[in-house]
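Asker: The structure follows.
The values are calculated or read from the model by the stated rules, or taken from the named source; none is laboratory data. This structure is a prediction, so every number in the text was calculated from the model and none was measured. Here the Cβ positions follow ideal geometry from the backbone for every residue, glycine too, while neighbour counts run over all protein chains shown. In case anyone asks, the SASA skips ligands and DNA or RNA and just uses the protein heavy atoms, side chains included. Shrake-Rupley method; radii C 1.70, N 1.55, O 1.52, S 1.80 Å.
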Protein chains: 2
Amino acid sequence: MGKGITSRSEDYSQWYNDLVIKADLAENSAVRGCMVIKPYGYGIWERMQAILDKRFKETGHTNAYFPLFIPKSFFSKEAAHVEGFATECAVVTHYRLKNDGSGNIVVDEDAKLEEELIVRPTSETIIWNTYKGWVESYRDLPILVNQWANVVRWEMRTRLFLRTAEFLWQEGHTAHATREEAVEEAERMLEVYAEFAEKILAVPVIRGRKTENERFAGALDTYCIEALMQDGKALQAGTSHFLGQNFAKAFDVKFTSKEGKLEHVWATSWGVSTRLMGALIMAHSDDQGLVLPPKLAPIQVVIVPIYKTEEEKANIDQFVDALTAELKGMDISFKYDDRDTQRPGFKFAEWELKGVPLRIAVGSRDLQNGTVELARRDTQTKETVSQEGLAVNIENTLAIIQENIYQKALSFRDSHITEVSSYEEFKQVLENKGGFISCHWDGTLETEKRVKEETKATIRCIPLDAKQEEGLCVFTGKPSAQKVLFAKAY
Amino acid sequence: MGKGITSRSEDYSQWYNDLVIKADLAENSAVRGCMVIKPYGYGIWERMQAILDKRFKETGHTNAYFPLFIPKSFFSKEAAHVEGFATECAVVTHYRLKNDGSGNIVVDEDAKLEEELIVRPTSETIIWNTYKGWVESYRDLPILVNQWANVVRWEMRTRLFLRTAEFLWQEGHTAHATREEAVEEAERMLEVYAEFAEKILAVPVIRGRKTENERFAGALDTYCIEALMQDGKALQAGTSHFLGQNFAKAFDVKFTSKEGKLEHVWATSWGVSTRLMGALIMAHSDDQGLVLPPKLAPIQVVIVPIYKTEEEKANIDQFVDALTAELKGMDISFKYDDRDTQRPGFKFAEWELKGVPLRIAVGSRDLQNGTVELARRDTQTKETVSQEGLAVNIENTLAIIQENIYQKALSFRDSHITEVSSYEEFKQVLENKGGFISCHWDGTLETEKRVKEETKATIRCIPLDAKQEEGLCVFTGKPSAQKVLFAKAY
């Protein structure tokens, strides 16, 4: 099977695209910037959804659904918000097509909407307009609601999963009686994301705060998790915003406090998207194809029979039946690939490409010896193991793979955080090694912008665990209160 | 608690609206025709999704995701299809807003799309345009894909859940090598829907075929399930379409058969939507509020403590802790409503309104006697039962409630299928009793249209189990090969 995947060293960006296409994860559609998520890719996203959804519910949230469309006028209500989103919105102006008489379908100009509608790029405005009707007293708070939805941002340059005009995400929108409670919520959800990234995606992340310049449009504080890809570029994998009272003021959402005072409600919002698919792919995969952490793999184990005669096949079938019955009971997902249209070598390459964590090959000699061949995708190693206790062996090996993938990504990430103390050093590291650069910064937007212009690196975050240590900005030499992390980013 | 629900006999339509609002299921949004599905309503929809999704997967389907937008030109490719949908589409014409200089946000006329985009009203066109790239040989078939998505149909008159401009649904789109296989698939999915309606929603349905006039735009055959609401009107609860080769021809999707011949692919599509929420509400509920079948109720059991002192409360808490631990183990969902801001009577009314199937009240005297009060929502009856074996009693009672709700709806439905043999009788039954009317029809579109104009009744379906029995059309006296079912419908 010719995989046709460009190697990472040759062209990292092409390698990524090849992988997404060849592993059947997604493809471009006929609509500019919009993707089709194919069944194998969607299967991974569904696993992400199920696990995140469970965690949201465990932390007290329920799901709801708000309209796809937002009246244009809502966008003008929060000044910073409209600045952030206006240039990348899809606008619905008409609601009817008609036949123009010569068989062409055209927009019916007579059916113009009174007020144009925006296809939601994010839902703060429509949701806060709704919350206005839900809140009267402190007894109605908190509101802890999440929505799984599609959103549209008309990006000019798109890449499958990483940046698409339409993408899938979840957006949590919560309302609270006090500032403290809202901040606590924003921090709690950041930790839910961080733990999900590390324990499930096997992607280590840095928890941090955005600078004012990089904040969400309308937020007082944006928390983020930042991951590192194999090419040394950072990827923002999730954000959680403390919105203060901005949206409550814009949409006049007030409540009567326990003390009988009328006050504006405090807000958070937080989201992760199908962009996580991009992070997952770029963090672990290799030139042979995807490497999936077992906790997200739609198929955790593939079993390939090696046989020449029908009789041999029948014996193998019998063995596989018993094994898969055990796997089912242990909630381990598997595929028995007994297609007779393809050779074993073709199958090996295909499942390697698709990142299935464990492959079992079993032939007649194995049956005689009471063994199978067990191959790990992450280490590309294989060994002959006993059929006795095989299911438990598989379960343990999957856990080992999950941990190994994480440790590998962690050691790569940790070896790519470089402390620098001069701009020369900064540029050198950025050029030659990439990764996160930890350095002092004078806290001004001006410096941040200049560095971005000159090097394309941005401040990814001020790590939450950053020590308060005084120093001098590596760009201007001015005083700095703490170090921040710079990187080039997706 | 003043429920403020209009009674069914007073105004059925207002009763429905009151119920949807007061039970916190959904509300109208600021966008005309688009609803907000509130957490309690969305919780029911999530249960529907989970159960249906499992059945789709058990029947070999996988999920995928296709773009929200469809290029306008795609709509012209299947003639019947565009006729069916063109008048009710939302059209995206621009992709940017801007500030007009005086602080107003306006559509940026310079950022016009080259080709207008349609917000999907259904996805046959974009999906078949995609399948073109997926199919070469018979080995690539069948494609068994489903999508959970939002769709938009710009309806002029909308009602919460029953008819909204945006709604949520699933749409299955399958591709097959033969006509027989496609027909079989369409029939299989109809049966999945029918079983779901009867076993889970507890709504009996008639399985049938639509007449040519009522078919989906682009289908050769539309199968449907038809339910009966308490006001004697029918509601189409799901459809499954045999599309023949229409979309394959429109989008040029061919495959090489086993025999080496190049042939067009055969198609089906099938869907159910948030409209099912409307069917669920209208089939079972009463003047006191919702009546939910236990299999869909987000909360199956509510427990209300009756106490005066903190000490009494502590004793009840202890009892409830033990009970709910048991319920958890049995996968029975519950809520312990120990709010100290509301009285028991208020709580009883609230959970009655929200349709919780079973209510347990427990006070100090109950603890002394080893009893609780068990109240059924469906029959509005209560009895004092022993605490011994309570969890099992609850489990059994939930099963009894599920069955009782179904039987009640079934007997109502069965008593509302009336055979008539004259137009006079037809009109009388329609006027005085409603429900389904079974009668002979001459098979012409003309008669179908005339009856609709004169009586507002439409042919709901030709039941799949209809006997071939010759007779005379009750409207024209012409020969008829079989009886069909008429009704007024939602």
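Asker: Counting only the backbone N, which residues of the stretch B:348-383 are under 16 Å from the spot 7 Å out from the Cα of B:LYS308 toward its beta-carbon?
Answerer: B:363-368
Asker: Please say if chain A is rounded, prolate or oblate, where rounded means a/c under 1.5 for a ≥ b ≥ c the square roots of the C-alpha gyration tensor eigenvalues, and otherwise the choice is prolate for a/b larger than b/c and oblate otherwise?
Answerer: Judged from the Cα gyration tensor, chain A comes out prolate (a/c at least 1.5, a/b above b/c).
Asker: Just from the alpha-carbon atoms, what are the Rg and Dmax of the stretch B:111-234 in angstroms?
Answerer: When restricted to Cα atoms, the stretch B:111-234 yields Rg and Dmax of 17.2, 52 Å.
Asker: Also: Once you put a point 7 Å from the Cα of B:ASN17 and another 7 Å from the Cα of A:ALA79, both along the Cβ direction, what distance in nm separates them?
Answerer: Here the answer is 4.0 nm between the modelled labels.
Asker: Order A:MET156, A:MET277, most accessible first, counting only protein heavy atoms with a 1.4 angstrom probe.
Answerer: A:MET156, A:MET277
Asker: Sticking with this structure for a sec: Whole-Hz ³J(HN,Hα) for each residue in the stretch A:248-254, computed from phi via Karplus 6.51 cos²θ - 1.76 cosθ + 1.60 with θ = phi - 60°, x for glycine and proline: what do you get?
Answerer: 4, 6, 4, 10, 6, 9, 10
Asker: Project the alpha carbons of the stretch B:366-460 onto their principal axes and report the range along each, largest first, in whole Å.
Answerer: Over the stretch B:366-460, Cα extents along the principal axes are 72, 22, 19 Å.
Asker: In whole Å, what are the extents of the stretch B:12-284 along the principal axes defined by its C-alpha atoms, from largest to smallest?
Answerer: 63, 55, 33
Asker: Going down the list B:LYS54/B:LYS199; A:LYS57/A:LYS199; A:LYS433/A:LYS488; B:LYS199/B:LYS295; B:LYS313/B:LYS347; A:LYS210/A:LYS254, which pairs span over 20 Å between their C-alpha atoms?
Answerer: A:LYS210/A:LYS254
Asker: Using every pair of alpha-carbon atoms in the stretch B:260-329, split the distances into 10 Å bins beginning at 0 and state the percent of pairs per bin, rounded to integers.
Answerer: 13, 25, 20, 19, 10, 7, 4, 2, 1
Asker: Run down the aspartates and glutamates and flag those whose C-alpha is under 12 Å from the C-alpha of A:LYS77, throwing out any fewer than 8 positions away in its chain.
Answerer: In chain and number order, the partners are A:GLU124, A:ASP252.
Asker: Putting +1 on Lys and Arg Cβ atoms and -1 on Asp and Glu Cβ atoms, find which of B:ALA487, A:ASN369, A:VAL145 reaches farthest to the positive end of the dipole of the protein assembly as shown.
Answerer: B:ALA487
Asker: Further question on the same structure: May I ask for the net charge around B:GLY471, where only other residues with Cβ less than 15 Å from the Cβ of B:GLY471 are counted and Lys, Arg are +1 while Asp, Glu are -1?
Answerer: In short, -2.
Asker: Got a sec? Which residues of the stretch B:146-187 lose 30 Å² or more of accessible surface with every protein chain in place, vs. that chain alone, 1.4 Å probe?
Answerer: B:ASN150, B:TRP154, B:GLU166
Asker: Right, something else. Between A:VAL392 and A:GLN468, what length in nm is gained on full extension when 0.36 nm per residue of separation is reduced by their alpha carbon distance?
Answerer: 22.5 nm
Asker: Between A:LEU464 and the same site in the other copies, what are the distances in nm, shortest first, taking label points 7 Å from Cα along the C-beta direction?
Answerer: The projected label point of A:LEU464 is separated from its counterparts by 5.4 nm.
Asker: To the nearest 100 Å², how much accessible surface do chains A and B cover up together, summed over both, with a 1.4 Å probe?
Answerer: 5000 Å²
Asker: Continuing with the same structure: Once the Cα atoms of helix A:344-353 and of chain A are each reduced to a long axis, what angle between those two axes, in degrees from 0 to 90 to the nearest 10, is obtained?
Answerer: 20 degrees
Asker: Let me ask something additional. What is the ratio of the Cα radius of gyration of the stretch B:159-307 to 2.2 N^0.38 Å, with N the residue count, to two decimals?
Answerer: Against the empirical 2.2 N^0.38 Å value, I get 1.32 for the stretch B:159-307.
Asker: A follow-up question, please. Residue by residue through the stretch A:86-97, what is 3J(HN,Hα) from phi via Karplus (6.51 cos²θ - 1.76 cosθ + 1.60, θ = phi - 60°)? Round to whole Hz and write x for glycine and proline.
Answerer: Values per residue, Gly and Pro as x: 4, 7, 10, 9, 8, 10, 8, 10, 9, 10, 7, 10 Hz.
Asker: Share of the stretch B:301-398's accessible area from carbon and sulfur, percent, 1.4 Å?
Answerer: About 44 percent, which is the carbon plus sulfur part of the accessible surface.
Asker: Can you send over the carbon and sulfur percentage of the accessible area for the stretch B:62-104, probe radius 1.4 Å, protein chains only?
Answerer: 47 percent
Asker: What list of ³J(HN,Hα) values in whole Hz, one per residue of the stretch B:234-247 in order, does the Karplus curve 6.51 cos²θ - 1.76 cosθ + 1.60 (θ = phi - 60°) give from phi, with Gly and Pro shown as x?
Answerer: Working through the residues one at a time gives 8, 9, 6, 9, x, 9, 9, 10, 8, 9, x, 10, 4, 6 Hz.
Asker: For the full complex of protein chains and a 1.4 angstrom probe, list B:GLU446, A:GLU425, B:GLU352 by accessible area with the highest value first. Before the final figure, lay out each step's value.
Answerer: Details: B:GLU446 150, A:GLU425 65, B:GLU352 45 Å².
From most exposed to least exposed: B:GLU446, A:GLU425, B:GLU352.
Asker: Where Rh is the Kirkwood radius over the Cα pairs of the stretch A:417-487, the temperature 20 °C and the viscosity 1.002 mPa s, what D in µm²/s does Stokes-Einstein return? Show your work: numbers first, answer last.
Answerer: On the way: Rh = 11.8 Å.
Here the translational diffusion coefficient equals 181 µm²/s.
Asker: Over all directions, what mean area does the Cα convex hull of the stretch B:301-398 project, stated in square nanometres?
Answerer: Dividing the Cα hull surface by four gives the mean projection, 5.8 nm².
Asker: Check the straight Cα-Cα distances from B:LYS112 and name the lysines below 21 Å, setting aside those fewer than 8 residues away within the same chain.
Answerer: A:LYS72, A:LYS98, A:LYS112, B:LYS72, B:LYS98
Asker: Only loop residues by DSSP count here, and only those with at most 16 other Cβ atoms within 10 Å; note down the GluC sites (Glu not before Pro) in the stretch B:1-84 that meet that.
Answerer: B:GLU10
Asker: Based on alpha-carbon centroids, what's the gap between the stretch A:147-206 and the stretch A:265-317 in Å, whole number please?
Answerer: Computed from Cα coordinates, the inter-centre distance equals 22 Å.
Asker: Output, in nm with one decimal and in ascending order, the distances from the A:GLY389 label point to the matching label points of the other copies (7 Å from Cα along Cα-to-Cβ).
Answerer: The answer, with the shortest distance listed first, is 4.5 nm.
Asker: One decimal, nm, shortest first: give the distances between the label point of B:MET330 and those of the same position in the other copies, each label point 7 Å from Cα along Cα→Cβ.
Answerer: Label-point separations across copies, in nm and ascending: 3.3.
Asker: So how strong a dipole does chain A carry about its Cα centre when Lys and Arg Cβ are +1 and Asp and Glu Cβ are -1, to the nearest 20 debye?
Answerer: My answer is approximately 380 debye.
Asker: Considering only protein heavy atoms, with the full assembly of protein chains and a 1.4 angstrom probe, order B:LYS427, A:LYS261 by accessible area, largest first.
Answerer: A:LYS261, B:LYS427
Asker: Right, here's the next one. Averaging sequence separations of C-alpha pairs under 8 Å and six or more residues apart, then dividing by the length of the stretch B:319-410, give the relative contact order as a whole percent.
Answerer: Computed value for the stretch B:319-410: 21 percent relative contact order.
Asker: As I understand it, the value is the acute angle between the Cα axis of helix B:445-455 and the longest principal axis of the Cα atoms of chain B; what does it come to in degrees, rounded to 10?
Answerer: The angle comes out at about 40 degrees.
Asker: Please report the net charge: other residues with Cβ closer than 13 Å to the Cβ of A:THR324, K and R +1, D and E -1.
Answerer: Values: positive: A:LYS328, A:LYS335; negative: A:ASP317, A:ASP321, A:GLU326, A:ASP331, A:ASP337, A:ASP338.
Value of the local net charge: -4.
Asker: Go through B:LEU276, B:ALA23, B:GLY33 and say which Cα lies farthest out towards the positive end of the charge dipole of the stretch B:12-284; charges sit on Cβ, +1 for Lys and Arg, -1 for Asp and Glu.
Answerer: Selected residue: B:ALA23.
Asker: Run the dipole for the protein assembly as shown about the Cα centre, Lys and Arg Cβ at +1, Asp and Glu Cβ at -1, nothing else charged, and hand back the magnitude in debye, nearest 20.
Answerer: Numbers: 122 positive and 148 negative charges, 153 e Å.
With only Lys, Arg, Asp and Glu charged at Cβ, the dipole is about 740 debye.
Asker: Here is a further query. Keeping all protein chains in place, calculate the accessible area per residue for the protein assembly as shown (probe 1.4 angstrom), answer in Å². Numbers along the way, then the final one.
Answerer: Working: 40230 Å² over 980 residues.
For the protein assembly as shown, the per-residue accessible area is 41 Å².
Asker: Between the helical axis of A:12-22 and the dominant principal axis of chain A, each derived from Cα atoms, what acute angle in degrees is found, rounded to the nearest 10?
Answerer: Helix A:12-22 sits at roughly 60 degrees to that axis.
Asker: Decide, for the stretch B:49-188, between rounded, prolate and oblate: order the square roots of the alpha carbon gyration tensor eigenvalues as a ≥ b ≥ c, take rounded if a/c falls under 1.5, and otherwise choose prolate if a/b is larger than b/c, else oblate.
Answerer: Since a/c reaches 1.5 and a/b is larger than b/c, the shape of the stretch B:49-188 is classed as prolate.
Asker: Right, another one. Percent relative contact order of the stretch A:1-142, based on C-alpha pairs within less than 8 angstrom and at least six residues apart?
Answerer: Rounded, it is 16 percent for the stretch A:1-142.
Asker: Still on this structure, please answer the following. Ignoring ligands, DNA and RNA, what percent of the 1.4 Å accessible area of the stretch B:417-487 is carbon and sulfur? Walk me through the numbers on the way to the answer.
Answerer: Working: 1830 of 3820 Å².
Carbon-and-sulfur percentage of accessible area, whole number: 48.
Asker: Using helices alone, what [θ] at 222 nm do you get for the protein assembly as shown, with -39,500 (n - 2.57) per DSSP H run of 4 or more residues, divided over all residues and rounded to the nearest 500? Kindly include the intermediate steps, with their values, before the conclusion.
Answerer: On the way: 26 runs with 324 residues, N = 980.
Theoretical 222 nm ellipticity from helices: -10500 deg cm²/dmol.
Asker: Where Rh denotes the Kirkwood radius from the mean inverse Cα pair distance, what is Rg over Rh for the protein assembly as shown?
Answerer: 0.98
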